[in-house]
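> My structure is below; once you've seen it, I'll send some questions.
The values are calculated or read from the model by the stated rules, or taken from the named source; none is laboratory data. The model shown is predicted, which means the values in this text are computed figures rather than measured ones. All Cβ positions, glycine included, derive from the backbone under ideal geometry; neighbour counts span all protein chains shown. With ligands, DNA and RNA removed, areas are computed over all heavy atoms of the protein, side chains included. Shrake-Rupley method; radii C 1.70, N 1.55, O 1.52, S 1.80 Å.
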Amino acid sequence: MGDGAFRIGLPNAQATHGLGIRLGQLCPPGTVLLLSGDLGSGKTTLVQGIGAGLGIAEPISSPTFTLINEYLEGRMPLYHVDLYRLDPDQIGSLELESYGDAKEIEPGLLAIEWSERMLQPPRSAIRLRLEAITSGGRLATLTAVGEEHTALLKEVIGDGLLADEI
Ligand SMILES: Nc1ncnc2c1ncn2[C@@H]1O[C@H](COP(=O)(O)OP(=O)(O)OP(=O)(O)O)[C@@H](O)[C@H]1O
Ligand SMILES: [Mg+2]
């Protein structure tokens with residue numbers, strides 16, 4: 001068995017959306033998803049899939065005026081952050097590494113675009129990196145940070161999707 005890392009080919013945007021749906025359906029409250037990958041690699045598309053998987057009808061777009069977009073109508077809250085335009089001080093002030101530990105925040109799924117910009121990433125999370133491949137599709141690498149996440153990723157990838165454990 002590998003160290004809880006998987007690679008999945010995503011031939012088109014629908015496949016990215018579909019992976020998001022699986023994550024939205026299966027992640028427990030309190031899950032942190034650390035998204036990384038170049039501009040236009042499909043991070044927001046994946047979060048839109050997560051919204052669909054959680055049962056959120058409201059359209060999901062990247063946070064621009066608010067730092068964290070909250071969607072509260074689904075199975076659990078979706079908190080969506082995009083660190084691309086934020087400076088290190090703003091990123092620090094969000095306290096994302098302990099987000100959800102605060103009692104006033106209902107546990108949900110925290111999806112962080114451009115998470116590679118965090119200086120202190122959370123200790124327990126799922127990392128998901130998207131890369132463009134020459135076919136025009138994307139390669140997703142999912143890494144479990146923490147034991148419980150390995151089992152979760154196996155379930156997410158489980159049926160239908162072609163994946164390599166690495
Ligand atoms: N697996 C895929 N294959 C081909 N195109 C894809 C795939 N997944 C997403 N796309 C397309 O890539 C484009 C960019 O997607 P998206 O906006 O989700 O990227 P992003 O990573 O959020 O970008 P940014 O870095 O600007 O936030 C969209 O047109 C989307 O449909
Ligand atoms: Mg985006």
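> Please enumerate the residues belonging to the range 37-61 that are away from ligand 2 (no atom under 11 Å from the Cβ), open to solvent by 20 Å² or more (accessible area, probe 1.4 Å) and within 15 Å of Leu19 (Cβ to Cβ).
Ala52
> Here is a further query. Looking only at the range 8-18, decide whether some residue is closer than 14 Å to Ile112 by Cα and within 16 Å of ligand 1 (Cβ to nearest atom). First the steps, then the outcome.
Applying the first criterion (closer than 14 Å to Ile112 by Cα) to the range 8-18 yields none.
No: the range 8-18 contains no residue that is closer than 14 Å to Ile112 by Cα and within 16 Å of ligand 1 (Cβ to nearest atom).
> Among (1) assigned to a helix (DSSP H, G or I); (2) within 10 Å of ligand 1 (Cβ to nearest atom); (3) farther than 16 Å from Ile126 by Cβ, there is one condition Leu39 misses while meeting the rest; what is its number?
(1)
> Name the one entry in Tyr79, Tyr84 that is open to solvent by less than 50 Å² (accessible area, probe 1.4 Å) and within 16 Å of ligand 2 (Cβ to nearest atom).
Values: Tyr84 fails: open to solvent by less than 50 Å² (accessible area, probe 1.4 Å).
Checking each option against the conditions leaves just Tyr79.
> As an exercise: evaluate Ile21 against (1) open to solvent by 30 Å² or more (accessible area, probe 1.4 Å); (2) more than 18 Å from Ala140 (Cα to Cα); (3) not in a loop (DSSP other than H, G, I, E, B) and give the number of the one condition it does not meet.
Status for Ile21: all satisfied but (2).
> Would it be correct to say that Gly30 is within 16 Å of ligand 2 (Cβ to nearest atom), part of a loop (DSSP other than H, G, I, E, B), open to solvent by 10 Å² or more (accessible area, probe 1.4 Å) and not acidic (Asp, Glu)?
On the way: within 16 Å of ligand 2 (Cβ to nearest atom): no; part of a loop (DSSP other than H, G, I, E, B): yes; open to solvent by 10 Å² or more (accessible area, probe 1.4 Å): yes; not acidic (Asp, Glu): yes.
Taking the combined requirement at face value, the residue does not satisfy it.
> Spot the failing condition for Thr64; the list is (1) within 16 Å of ligand 1 (Cβ to nearest atom); (2) more than 13 Å from the chain's Cα centre (by Cα); (3) surrounded by 14 or more Cβ atoms within 10 Å (Cβ to Cβ), and only one is missed.
Unmet condition: (3).
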